[in-house]
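The values are calculated or read from the model by the stated rules, or taken from the named source; none is laboratory data. Note that the coordinates shown come from a computational prediction; the quantities given were computed from them, not determined experimentally. Virtual Cβ from ideal backbone geometry, glycine too; neighbours counted across all protein chains shown.
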């Protein structure tokens, strides 16, 4: 009975190109059965590990099923764990692994997640360089400066128009300016500070 799978099917299950699988076979990191098919148990095994270290071939036991795990996330925020400020990345990773707060993934799935995150990072970098995406701090600064310019314009308005309004109405200029200033201050207090949450959807 033939239990092997084709190179195309193996590539589909691993979410990689046929070319990458052919290269791994040529380098000895994957071996074909006598029927020129691959063992389905190799899906999720660390056969791609050679690519990550500069294309060096893996040991001859590449067809042995070895379950290699990698953490899905080692973010202290995700794990809800206090992190010492002077802690190195290696120490943080070891502590998180020992705490059991990090869910582990098979090597293949962890590598796929890594590639997906790298693709998203490249997309964000492209959007930032093309001007479609700006930093949150810059957006907040622009909003703050715009609100401050409007506030200053309102505060200067009574002094600019008070005398003209008083002349049109035949009233005392200082008194009209004073009344306008009082109402403008009340209006600004009601408006308050700009409060926009850019993170909300």
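Has the stretch 56-79 got at least one residue that is farther than 20 Å from residue 110 by Cα and at pLDDT 60 or above?
no
Hey, residue 132 hits all of (1) in contact (Cβ under 8 Å) with a residue 12 or more places away in the chain; (2) outside any helix (DSSP H, G or I) but one; which does it fall short on?
(1)
Which members of the stretch 80-106 meet the condition of being touching a strand residue (DSSP E or B) at 6+ places or on another chain (Cβ under 6 Å) and either modelled with pLDDT of 80 or more or assigned to a loop (DSSP other than H, G, I, E, B) (or both)?
102
Among the residues of the stretch 1-50, write down those that are in a loop (DSSP other than H, G, I, E, B) and within 30 Å of the chain's Cα centre (by Cα).
15, 16, 17, 43, 44, 45, 46, 47, 48
Is it the case that the stretch 171-186 has a residue that's modelled with pLDDT under 80 and out of contact with any helix residue (DSSP H, G or I) (no Cβ under 6 Å at 6 or more places or on another chain)?
Looking through the stretch 171-186, none of the residues is modelled with pLDDT under 80 and out of contact with any helix residue (DSSP H, G or I) (no Cβ under 6 Å at 6 or more places or on another chain).
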